[in-house]
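The values are calculated or read from the model by the stated rules, or taken from the named source; none is laboratory data. Every value quoted in this text rests on a predicted model; they were computed, and no experiment measured them. Backbone-built Cβ (ideal geometry, glycine too); neighbour counts: all protein chains shown. Heavy atoms of the whole protein, side chains included, go into the accessibility calculation; ligands, DNA and RNA do not. Shrake-Rupley method; radii C 1.70, N 1.55, O 1.52, S 1.80 Å.
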Amino acid sequence: MQQLIIIGIFTLAPWYAWGEQIERVKLYTYHDKPPYIMELKDSSGLYFDIVRLLNEFHDDVQYQLVLRSKTRIREELEKGQLEGAVLGVNPVWFGDNDQIKYLWSDPLFYDTDEFVSSVKRPFDYLNPTSLHGKRYGGVQGYFYPKLHDAEKLEKLERIDASNEKALLELVLKQQIDFAVVSRPTFFYYARKHGWWTSLYLSHQAHQKYYRAILVPKKHKDKLGNLMKTTNSIGFKKHMKQLVSSYHISE
């Protein structure tokens, strides 16, 4: 995937540049799916709104949302080459459970990944053995912690798709037993395509987690104000209202 700068006009500028006393900072994301990113052409979606909210808190900084593949983000992080921060991620996904490799903001909001299956063949997760003999769908490059051990033991088969809409379509065609899909994305497509009566959610979800901002330690000085803002009471109050407008519960 080629890098896309999808908010702001400074495509040729370095990750920060001083011009008229405005510092430009890139916030990377790989979540190219609704409601996080709705439409690239009109810069709509929750992540765009988070970037706009951050810009309201800073007169001297212009944050820009940049779409980049997860693989490239991970590679640049590991090489110490990422010039910016990563929006909407969790320490577990980057092998930083103890939060010692990178700097992390307070949680922006909480989210859930669901087990989604066809109502014609409903799947309920009860315990690890309920996975045995199943075929599931995941997004290519994504890690699903609750399913890892069963895959390693070859008790569970994984089928990859490019995005979560494609996973839901595989479920509807009954080509897989279940898919793991983020709850807000599931609700978006269920509403848009009228899939409510065709899809089933397990009573037990795959995982609940929070989304935060990752900052490489080498940018601690440059992005210190970003962390102070996201951890402030005022910002959190506005974030709560923003997340609620997307029907994402905290």
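Heavy-atom accessible area, probed at 1.4 angstrom with all protein chains present, ranks ASP124, ASP96, ASP32 as ASP32, ASP124, ASP96, highest first.
Listed cross-link partners LYS70/LYS240; LYS41/LYS237; LYS26/LYS217 are compared with a 19 Å cut-off, the Cα-Cα value being larger for LYS70/LYS240; LYS41/LYS237. Which value does Rg/Rh take for the stretch 119-250 over its C-alpha atoms, Rh per Kirkwood? Ratio of gyration radius to Kirkwood radius for the stretch 119-250: 1.06. Ranking SER117, SER130 from most to least accessible surface, computed with a 1.4 Å probe over the protein chains only, gives SER130, SER117. Given +1 at the Cβ of Lys and Arg, -1 at the Cβ of Asp and Glu and no other charges, the dipole of the stretch 157-250 around its Cα centre is 680 debye to the nearest 20. The simple Förster model, with R0 at 30 Å and r as the Cβ-Cβ distance, assigns GLU157 and VAL92 a FRET efficiency of 0.80.
Checking every one of the trypsin sites (Lys or Arg not before Pro) in the stretch 49-80 against DSSP loop status and a limit of 10 other Cβ atoms within 10 Å picks out LYS79.
Give me the accessible area per residue for the stretch 19-83, probe 1.4 Å, as a whole number in Å².
Details: 2810 Å² over 65 residues.
Result: 43 Å² per residue.
Got a number for carbon plus sulfur as a percent of the stretch 116-205's accessible area, 1.4 Å probe? Roughly 49 percent of what the probe reaches on the stretch 116-205 is carbon or sulfur.
Between the listed residues THR129, THR229, PRO145, the Cα displaced farthest toward the positive end of the dipole of the chain, a dipole computed from Cβ unit charges relative to the Cα centre, is found at THR129. Given a 1.4 Å probe and the protein chains as shown, MET38 ends up with an accessible area of around 70 Å².
Computed over the chain, the per-residue total of -39500 (n - 2.57) for DSSP H runs of n ≥ 4 gives a 222 nm mean residue ellipticity of -8000 deg cm²/dmol, rounded to 500. The label-point distance for ASP124 and GLU23, in a model that sets each label 7 Å from Cα toward Cβ, rounds to 5.3 nm. Given R0 = 35 Å, the distance between the Cβ atoms of HIS132 and LYS208 translates into a calculated FRET efficiency of 0.90. Just the protein heavy atoms count here, and of the accessible area of the stretch 43-115 at 1.4 Å, carbon and sulfur take up 41 percent.
Its convex hull of Cα atoms gives the chain a direction-averaged projected area, equal to a quarter of the hull surface, of 14.0 nm². Between GLN140 and LYS237, what FRET efficiency comes out of the Förster formula 1/(1 + (r/R0)^6) with R0 = 41 Å and r the beta carbon distance, rounded to 0.05? Efficiency, from the Cβ-Cβ distance: 0.65. In percent, rounded to a whole number, the relative contact order of the chain is 25, using alpha-carbon pairs under 8 Å and six or more apart. Applying the Karplus relation 6.51 cos²θ - 1.76 cosθ + 1.60 with θ = phi - 60° to the stretch 77-84 yields 3J(HN,Hα) values of 5, 5, 8, x, 10, 6, 9, x Hz, where x marks Gly and Pro.
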